[in-house]
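Structure, as structure tokens:
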Amino acid sequence: MKKLKNAQLGITREHASGKMGAARRLSDVFEVVGVVDDSASTTARQNAMISPKPYEGLKRMRTRYDAQLIEFAQCGRGEIENPYPYEHELLVQEVLLAACGNTNWSK
């Protein structure tokens, strides 16, 4: 069976190190290719929960979407207001569904 490539976006949530540890133990199923470290965008309390062991030896990934992922995480945690109105968010989801062929685009 072909292995599933796995990259983890974020290491600061309570369950993050457990998820990575499980993926690394299941090496016959997953090829862990790296991790995006979001600890710069979190509180000291969350950073104190990071268990470094599951991430040892992994490539620290940078993506062109880092700033967007950090902003998204901050919105989700209530640290900042969502800069986009709900109408925009709805339009994004409608376009995505239409692009995937799940709905007809009618706008």
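Any read-out appearing in this document is the output of simple, stated calculations on the displayed coordinates, not a laboratory observation. Computed from a prediction, not measured in an experiment: that's the story for all the values here. Reconstructed Cβ throughout: ideal geometry from the backbone, glycine too, with neighbour counts over all protein chains shown.
Below, the figures for the structure above:
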| item | result |
| --- | --- |
| Additional length obtainable on full extension of the chain from Leu97 to Lys3, 0.36 nm per residue less Cα span | 31.0 nm |
| Helix-derived mean residue ellipticity, 222 nm - over the chain, DSSP H n ≥ 4, -39500 (n - 2.57), to 500 | -11000 deg cm²/dmol |
| Residues with amide H under 5 Å from that of Leu9, placed H, sequence gap 5 or more | Val36 |
| Cα long-axis angle, helix 66-76 against the chain (0 to 90 degrees, to the nearest 10) | 80 degrees |
| Pairwise label distance in nanometres, Ser39 with Lys19, each label 7 Å out on the Cα-Cβ vector | 1.8 nm |
| Shape of the range 4-82, Cα gyration tensor, a/c cut at 1.5 | prolate |
